[in-house]
Amino acid sequence: MKEKAEIRRIKAACPNCYADPEKIIYQNSGPIVRIYCPECGLVCRETDAWANHFKNVIDYWNHIGFYMVHDE
Ligand SMILES: [Zn+2]
């Protein structure tokens, strides 16, 4: 499934509420490409990414997102 592959590329937690990356939803419905946080409602659109010189919204999210420190 293409969508699951896209979701796994989201590596950063929500920058607003720190929701786990696995909860973050990637939506690609043709003209609308965005990343959505179901915990706090934060939305990142592909146009936001382009405006900030990122090539897509996933790269942008991973840049603005929050990284948890995991014990390995
Ligand atoms: Zn959030």
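Side notes on the structure shown:
- Protection proxy ranking of 26-33, 50-57 - average other beta-carbon atoms within 10 Å, highest first: 50-57, 26-33
- Any cysteine of the chain lacking a neighbouring Cys Cβ under 4.7 Å - listed by number: 44
- Extension gain (nm, one decimal) between residue 20 and residue 66, 0.36 nm per residue minus Cα-Cα: 15.6 nm
- Sorted largest first, the principal axis extents computed over the alpha-carbon atoms of the chain equal 38, 29, 21 Å.
- Across the range 52-69, coupling constants 3J(HN,Hα) worked out from phi with the 6.51/-1.76/1.60 Karplus curve, θ = phi - 60°, read 9, 6, 9, 7, 8, 6, 5, 4, 5, 4, 5, 7, 8, x, 9, 9, 6, 9 Hz, and Gly and Pro carry x.
Every number in this text was worked out from the coordinates using simple rules, so none of it is lab data. Remember, predicted model here, so these are calculated numbers, not experimental data. No Cβ is skipped: glycine too gets one built from the backbone with ideal geometry, and neighbour counts run over all protein chains shown.
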